[in-house]
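The values are calculated or read from the model by the stated rules, or taken from the named source; none is laboratory data. Quick caveat, the model's predicted, so the values are computed rather than measured. With ideal geometry, Cβ positions are generated from the backbone for all residues, glycine too; neighbour counts draw on all protein chains shown.
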Amino acid sequence: MVNPVEGESAKTWIRAYLARRGRTSPNGQPLYRYATRESEREFLAALLTMNAEERLSPTYGIYWAAGFCLFVADTYRREYDAHWSWQAFDKQLDIELQPNDRAELVKLGLSFWERPLRYRDQRADYLGSLFAEGGLPWRLLQSEQHGFGRAIKAGLSHKNAGQEAVSVIRQFRRYFPKSFQNDDTYHLLASIVETLKKLASEYELDQQNDPAAFLNQHASYWREQFPLPLEQDNGVALVNEWLVDASVQLERRKHARDMARAFTCEHWLRGTLDTPQLEANVWLGTSLQINLEGHSITNSRVELALYEGERLALKLGVDYGRVEGELMTVRLPAETARVPRQQPERPLLLVASCAGERLDTRVIQSSEIDWQYLPTVFVEDDDVTRLAGIASVQYQAADALLRVPPGMQAPYAEALQTDDQGGHWYRIYEGCVLAEGEARYVIEPGLKWTPFTGPPDRRAKL
């Protein structure tokens, strides 16, 4: 790495950084979209350390602050492992900042980049704002133990599950850091999922031993079109690990898709618009493995049922499990089940019991539909009207039914019907934006291959 020379200022570096991207000034885009290279981040860290006194300058301070914000955001994207605080960044820059100093630096730096300061619980979230500017951290995206990684995995496995990627991603919001429980994050994760699916389908990556090398040869632009900056290491890991395992043949991939579909569901609309009801179509799979550790059973007779929260919703039947050591394998009586929803805001649970004792409980993914508080979109598909998603939704249809919950207003249109729960129904043909307090929901037709760049600013009509 080339180190900065004495006298080189943060102002000079920032201007050169923008010039390398064909710009003379910031354009208000998130910092991760500038695709900072690792060599640039390392150089910037050394420059900020060498010129630490510049942050106090009334002339050059804004450039030092801009560099500070860029460094924190990009370091978060590359190295964050869910255990950092401000001190980790101070240590790398060999400085000691007080909370008031950091607050001023973040406000000044974000103003240079024309980016907003984010708030949480009505208080300015300085560190969270810079983390959001970094996009999403690769280490957590690639971890199946973290909410980000789990959300992407779920999005990839829902190819035929009847829900759009944003709606699937949103189901995992409770596992995200609070600063990332917002529509920008859901759309960014969804655009990653859709991009991966597009690449896998278009280039038949499941037939390639080294998909990343294949893409480099046959689609050299693929990294530039990815929603987040991709470099060699994380690009290879992303494609090769998430999409295709070279040792898995097509039959095993089909089995993996079937397994991923198990314990998920989609929802259909039943009844009429004045008395609407939801019905869940649940995929159960063929068998269930139960860990018996901690349980003392006298027989292997297992009762299977679906619950809606604590309410028994559907008895599935009985099976005598096969026990091997601490594991019991139970055959499921059917691969799918239909459940009329009475409290759709509560999750559906597959419960296995023996002599009144619960041995295992599986949450049915995508089963919580809080349509009394969030806008809900349905599309008519053959003989069913299926749920396309809740909150912000992209749907693939020429038109759709939109249900707006009680207390929320939908502009530009007359309601078709008001139902018995106070919801208002609309037929929509174009995109629209709904707002309630600080919440903002974007409803749009169609899914795009180009990376997500944020909700549209136009006033869309119903």
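Observations on the model:
- Selected residue (criterion: nearest to Glu133 (Cα to Cα)) from residues of region 61-92 that are of a type in the set (Asp, Glu) and touching a residue at least 12 places away in the same chain (Cβ under 8 Å): Asp74
To keep it simple, each residue is scored yes or no on (1) more than 18 Å from Glu42 (Cβ to Cβ); (2) surrounded by fewer than 14 Cβ atoms within 10 Å (Cβ to Cβ); (3) in contact with a helix residue (DSSP H, G or I) (Cβ under 8 Å, 6 or more places away or on another chain).
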| residue | (1), (2), (3) |
| --- | --- |
| Phe68 | no, no, yes |
| Tyr80 | no, no, yes |
| His83 | yes, yes, no |
| Ala88 | no, no, no |
| Ala103 | yes, no, yes |
| Leu110 | yes, no, yes |
| Glu114 | yes, yes, no |
| Arg118 | yes, no, yes |
| Asp125 | yes, no, yes |
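- Yes/no for Ala45 being in a helix (DSSP H, G or I) and more than 15 Å from Leu108 (Cα to Cα): yes
- Out of Leu127, Leu136, Leu140, Leu117, one residue alone is touching a His at 6+ places or on another chain (Cβ under 7 Å) and closer than 14 Å to Ser179 by Cβ. It is Leu140.
- Of the residues making up region 96-116, just one is part of a loop (DSSP other than H, G, I, E, B) and among the aliphatic types (A, V, I, L, M), namely Leu97.
- So Glu335, is it out of contact with any strand residue (DSSP E or B) (no Cβ under 9 Å at 6 or more places or on another chain) and under 26 Å from Ser157 (Cα atoms): no
- When the criteria are applied in full, Ala16 meets the requirement of being in a helix (DSSP H, G or I) and surrounded by fewer than 18 Cβ atoms within 10 Å (Cβ to Cβ).
Each row is one residue, and each column tells you yes or no for (1) assigned to a loop (DSSP other than H, G, I, E, B); (2) touching a helix residue (DSSP H, G or I) at 6+ places or on another chain (Cβ under 8 Å); (3) buried (at least 23 other Cβ atoms within 10 Å of the Cβ).
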residue: Val166; (1), (2), (3): no, yes, yes
residue: Ile192; (1), (2), (3): no, yes, yes
residue: Lys198; (1), (2), (3): no, no, no
residue: Glu202; (1), (2), (3): no, no, no
residue: Asn209; (1), (2), (3): yes, no, no
residue: Leu215; (1), (2), (3): no, yes, no
residue: Tyr221; (1), (2), (3): yes, no, no
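- Given (1) among the aromatic types (Phe, Trp, Tyr); (2) part of a helix (DSSP H, G or I); (3) within 28 Å of the chain's Cα centre (by Cα), index of the condition Trp84 fails: (2)
- All of Ser9, Ser25 fail the test of being touching an Asp or Glu at 6+ places or on another chain (Cβ under 8 Å) and among the hydroxyl-bearing types (Ser, Thr, Tyr), apart from Ser9.
- Region 19-33 - residue that is assigned to a helix (DSSP H, G or I) and modelled with pLDDT under 95 and, of those, surrounded by the most Cβ atoms within 10 Å (Cβ to Cβ): Tyr32
- Pairs with Cβ under 7 Å, 6+ apart, first in region 408-437 and basic (Lys, Arg), second surrounded by 12 or more Cβ atoms within 10 Å (Cβ to Cβ): Arg427/Asp399; Arg427/Leu401; Arg427/Leu416
- Criterion: under 19 Å from Val166 (Cβ atoms) and either assigned by TED's automatic domain parsing to the domain that holds Arg331 or not charged (D, E, K, R) (or both) - qualifying residue of Val384, Val363, Val404: Val404
- Residue within region 337-352 that is surrounded by fewer than 16 Cβ atoms within 10 Å (Cβ to Cβ), modelled with pLDDT of 90 or more and outside any loop (DSSP other than H, G, I, E, B) present: yes
- Of all residues in region 52-66, those being farther than 23 Å from Ala124 by Cα and touching a helix residue (DSSP H, G or I) at 6+ places or on another chain (Cβ under 6 Å) number 2.
- A single entry from Leu359, Leu402, Leu374 fulfils the requirement of being assigned to a strand (DSSP E or B), farther than 15 Å from Pro276 by Cα and at pLDDT 80 or above: Leu359.
- Residue within region 109-118 that is basic (Lys, Arg), over 12 Å from Phe131 (Cα atoms) and free of Cβ contacts under 8 Å to residues at least 24 places away in the same chain present: no
- Evaluated against (1) under 22 Å from Thr275 (Cβ atoms); (2) touching a Leu at 6+ places or on another chain (Cβ under 6 Å); (3) modelled with pLDDT under 90, Ala391 falls short on exactly one condition, (1).
- Assessment of region 426-440 against the conditions (outside any strand (DSSP E or B), within 24 Å of Gly271 (Cβ to Cβ), at pLDDT 85 or above and among the charged types (D, E, K, R)) yields no matching residue.
- Residues in region 358-398 that are out of contact with any His (no Cβ under 7 Å at 6 or more places or on another chain), surrounded by fewer than 23 Cβ atoms within 10 Å (Cβ to Cβ), within 28 Å of Ile290 (Cβ to Cβ) and of a type outside the set (Val, Ile, Thr): Arg358, Asp360, Arg362, Glu368.
- Restricting region 51-66 to residues that are out of contact with any Lys or Arg (no Cβ under 6 Å at 6 or more places or on another chain) and not in a helix (DSSP H, G or I), the residue that is surrounded by the fewest Cβ atoms within 10 Å (Cβ to Cβ): Pro58
- So Arg403, is it of a type in the set (Lys, Arg), within 24 Å of Gln181 (Cβ to Cβ) and buried (at least 20 other Cβ atoms within 10 Å of the Cβ): yes
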